[in-house]
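Have a look at the structure below, then the notes.
FYI, it's all coordinate maths here, none of it is from the lab. Note that the structure is predicted; figures quoted are calculated from it, not measured. As a convention, Cβ positions derive from the backbone with ideal geometry for all residues, glycine included, and neighbour counts pool all protein chains shown.
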Ligand code: KIV
């Protein structure tokens with residue numbers, strides 16, 4: 001049985017912290033799921049950390065569906081949340097409903113996430129009314145990076161802090177089951193966490209959020225272009241992979257790979273016949 005939104009809301013009430021990670025493929029999702037992460041986000045961050053774009057803006061619904069299907073296939077316990085990509089929920093509510101439904105019907109996700117607060121509250125409500133759980137996302141919203149003028153911490157002025165509190169309350173009232181706070185000062189994230197009824201999930205929002213989310217490629221040290229300030233590398237897999245690939249290259253060049261262990265035998269008599277024929 002996968003994690004439910006009721007369990008997630010209950011974790012806030014009981015003061016139990018909520019770990020969440022992104023995943024983009026079958027094999028990694030399987031490991032994360034088996035390690036006991038209750039929420040897995042197929043984030044549109046895959047645009048940068050998997051596909052090599054310089055932002056999340058080029059990511060399309062079809063790409064998200066493709067990766068979400070793989071993550072769903074690899075998991076049995078976690079709730080899988082599909083991240084709605086740039087401009088797939090803005091033009092009209094009916095388009096937002098259609099795309100949210102694709103995550104559920106085509107990809108097998110259990111929830112969707114979208115960016116925006118007050119301006120997205122009506123859309124969130126309509127999706128939730130259709131029976132689709134929605135996670136909100138406010139603060140630094142990467143799909144609006146050009147509008148925000150870069151990847152900057154949000155809520156540092158009186159005006160923008162007040163706006164973020166309003167955004168969080170609007171999402172709570174609209175029926176979002178949780179709200180991601182990205183790049184928000186720790187004390188402001190604490191105020192929002194105390195104010196809203198549903199869990200806050202922080203990324204660069206300090207320790208007082210109800211849960212934390214990390215981009216898996218950052219925390220495993222797989223993405224090496226840069227390490228965001230909010231990320232902690234628990235391991236440096238890129239170094240281990242480079243070492244392993246270097247060993248492979250050296251062994252192939254030296255004729256040390258493959259050995260008998262990685263090779264196949266065949267019937268001796270058949271072989272003798274073949275060798276005889278090859279001589280003619
Ligand atoms: O796309 C993503 O990975 C995200 C998380 C950083 C919350 O939106």
Exercise for review: Would you compute, from DSSP H runs of 4+ residues alone, the mean residue ellipticity of the chain at 222 nm, taking -39500 (n - 2.57) per run and dividing by the full residue count, rounded to the nearest 500?
Suggested key: -13000 deg cm²/dmol
Exercise for review: Quickly work out the residue 270-to-residue 195 label distance, labels modelled 7 Å from Cα along the C-beta direction, and quote it in nm with one decimal.
Suggested key: 7.4
Exercise for review: Determine, for each peptide in 223-231, 171-179, 205-213, 88-96, the mean count of other beta carbons within 10 angstrom over its residues, then list the peptides with the highest first.
Suggested key: 171-179, 205-213, 88-96, 223-231
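Among bridges DSSP assigns within the chain, what percent are antiparallel (round to 5)?
Roughly 5 percent of the DSSP beta bridges within the chain come out antiparallel.
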Point to revise | residue 25 paired with residue 277, simple spin-label distance in nm, labels 7 Å along Cα-to-beta-carbon | key: 4.0
Check your understanding: Can you give the angle from 0 to 90° between the axis of helix 268-279 and the longest principal axis of the chain, with both taken from C-alpha atoms, to the nearest 10?
Key -> 70
Exercise for review: Determine the relative contact order of the range 1-130: mean sequence separation of Cα pairs under 8 Å and six or more apart, normalised by residue count, in whole percent.
Suggested key: 23
Revision key, fill the gap. Rounded to the nearest 0.05, FRET efficiency between residue 105 and residue 162 (Cβ-Cβ, R0 35 Å) equals 0.35
Point to revise | Burial ranking of peptide ranges 74-85, 122-133 (average Cβ count within 10 Å, highest at the top) | key: 74-85, 122-133
Review point. Over all distinct Cα pairs, what is the inverse of the mean 1/r for the range 77-148, reported as the Kirkwood hydrodynamic radius in Å?
Key: 12.3
Review point. What's the angle, to the nearest 10 degrees (0 to 90), between helix 93-105's Cα axis and the longest principal axis of the chain?
Key: 40
Practice item. Quick one: angle between helix 158-174 and the longest Cα principal axis of the chain, in degrees between 0 and 90, rounded to 10, please. Key: 80
Check your understanding: Given the range 129-226, what percent of its DSSP beta bridges are antiparallel, to the nearest 5?
Key -> 0
Study note, to complete from the structure: Per the C-alpha gyration tensor (a ≥ b ≥ c, the square roots of its eigenvalues), the chain is rounded if a/c is under 1.5, else prolate if a/b beats b/c, else oblate; here it's prolate
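Ordered by packing density, taken as the mean number of other Cβ atoms within 10 Å over each peptide's residues, highest first, how do 186-193, 235-242, 134-141 rank?
Details: 186-193: 19.9, 235-242: 13.0, 134-141: 27.1.
In decreasing order of mean packing, 186-193, 235-242, 134-141 become 134-141, 186-193, 235-242.
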